[in-house]
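Chemist: The following block contains the structure, expressed as structure tokens.
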Amino acid sequence: MSGILSGIRVLDFGRYIAGPYCATILAQLGAEVIRIEKLDGSEDRFTTPVMDSGDGGMLLQMGHDKKGLTLNPMKPEGREVVQKLVKSADVVVANLPEETLVAMGLDYESLKALKEDIILTHQSAFGDTGPYKNRVGFDGIGQAMCGAMYMSGDENGPRKLAAPWVDFSTAMAGCIGTLAAIIHRNQTGEGQVVTGSLFGSSVLIGSVTMMEQALMKLDRVGTANRGQNGGPSDTFKTKDGWILIQIIGAPLFKRWANLMGEDHWLEDPRFESDQDRGDHGHLLSERTAKWCAERTTDEAIKALEEARIPCGPIYSPQQTLDDPHLAAMGLIREMEYPGLDGKAPVVDFPVKMSKVDISAKRRAPTLGEHTDELMGELGYSAEQIADLKSKRVI
């Protein structure tokens, strides 16, 4: 079955998540994606190592459904390979600093000179304009500067989430922009630059809190897991674990009061609106904490579900892997990889389409696995390929 993007070739010069996962989604949609990395392996290949070779979980998650080519684009012969690749491609994805793009010949003007209708998807830490445009950064910098760490903290200080949500949101935004650019090219014949940034993605996700501050000047401080715009909304300890409960809206608050067996909460003016309940959320959390402490996690979840109150257990990674609902959703693809003890649980893109299969299908490439094949497609002979390898160009 051909994919939606069948016939589209994408060059993935990305590193870590924002660029590579953007390209991964394009691959699942049917594009031919070529992952281009350093001769000894790019840094993200070895992030979170899961096998003796040092290859890591990030590679297995970001690299599936791609072909792998090793290349040193800083050598003259490597620059020639880049130019041939670009002429064969439709999209270049590169979440690299702008000066690095120029040095590698991957800036838009250089690409456009080779292929008029090329699309460059370029994500960076802070975007291409403004006083911070040359700064480098990772996911955590976005978390820090959008207000999220501050609002998630408490009197003990700010709190960063371990999961790289800024990186993934930037990758998905970049994919949306790339798809729009492909449609635009189909309509007009024009290529263009699609830009994104970690800072921009994080600011979008923190936008409502910033809007409140701009208009209301409340100068809120962090309350850790307790929500500030409704309640009770917090994490609570049970007899044998932790759960999260989130209540927003009068109907849910009434269900909570009924579950507690205490109608007086509904008559108290301190809890009249969502914002009132958020402003006095510590009182609602105290009551809910007492209720949860008297029950096991399963008992609390069952009672809350019967009352139709949003809740969930707080899982460790192993508990997430073991969850039967995750298995039923079919989001985990068990993939083999050379040298891996067992199969890697690669998480599929969490979107399904009724007419097209866009699931993950192929494992990530080993280092340079498709180099010979791709170089042959570009017109290099076996002797030329061997010569470039001896010169450490490929």
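Throughout, read-outs are computed from the coordinates displayed, never taken from laboratory work. What you are looking at is a predicted structure, and each value in this text was computed from that prediction instead of being measured. Every residue, glycine among them, receives a Cβ derived from its backbone with ideal geometry; neighbour counts consider all protein chains shown.
Chemist: Assuming 0.36 nm per residue, please report the length gained on full extension of the stretch Ala103 to Arg308 beyond their Cα-Cα distance.
Modeler: 68.1 nm
Chemist: What is the percent of Cα-Cα separations in the range 233-314 that go past 19 Å?
Modeler: Cα-Cα pairs of the range 233-314 separated by over 19 Å account for 29 percent.
Chemist: How big, on average over all directions, is the shadow cast by the Cα convex hull of the range 48-129, in nm²? Let's see the in-between values first.
Modeler: Numbers: hull surface 27.4 nm².
Here the figure is 6.9 nm², rounded to one decimal.
Chemist: Return P(r) of the chain (all Cα-Cα pairs; 10 Å bins starting at 0; whole %; ordered from short to long distances).
Modeler: 5, 19, 25, 23, 16, 9, 4, 1, 0
Chemist: For the range 201-273, what mean projected area does the convex hull of the alpha carbons give, in nm²?
Modeler: For the Cα atoms of the range 201-273, the hull's average projected area reads 6.8 nm².
Chemist: For the range 33-82 and the range 110-184, what is the separation of their Cα centres, given in Å?
Modeler: Value for the Cα centre distance between the two parts: 21 Å.
Chemist: Within straight cross-link reach of Lys290, meaning Cα distance under 16 Å, which lysines are found once same-chain residues fewer than 8 apart are removed?
Modeler: Cross-link targets: Lys237, Lys239.
Chemist: Right, next: Could you order peptides 110-122, 129-141, 246-258 by the average number of other Cβ atoms within 10 Å of their residues, highest first?
Modeler: 110-122, 246-258, 129-141
Chemist: Can I ask one more? Which of the helices in the chain, when you take each full DSSP H run, stretch at least 30 Å along the axis at their Cα atoms and have an average Kyte-Doolittle score of 1.6 or higher? Write down the numbers at each step before the final one.
Modeler: Details: long enough: 165-188 (34 Å, 0.55).
Helices meeting the criterion: none.
Chemist: Another question, if that's okay. Can you flag which of Lys87/Lys391; Lys254/Lys352; Lys302/Lys343; Lys87/Lys343 are past 31 Å Cα-Cα?
Modeler: Lys254/Lys352; Lys302/Lys343; Lys87/Lys343
Chemist: Below 8 Å, C-alpha to C-alpha, sequence gap of six or more: please give me the relative contact order for the chain in percent.
Modeler: Taking the mean separation of contacting Cα pairs over the length of the chain, I get 19 percent.
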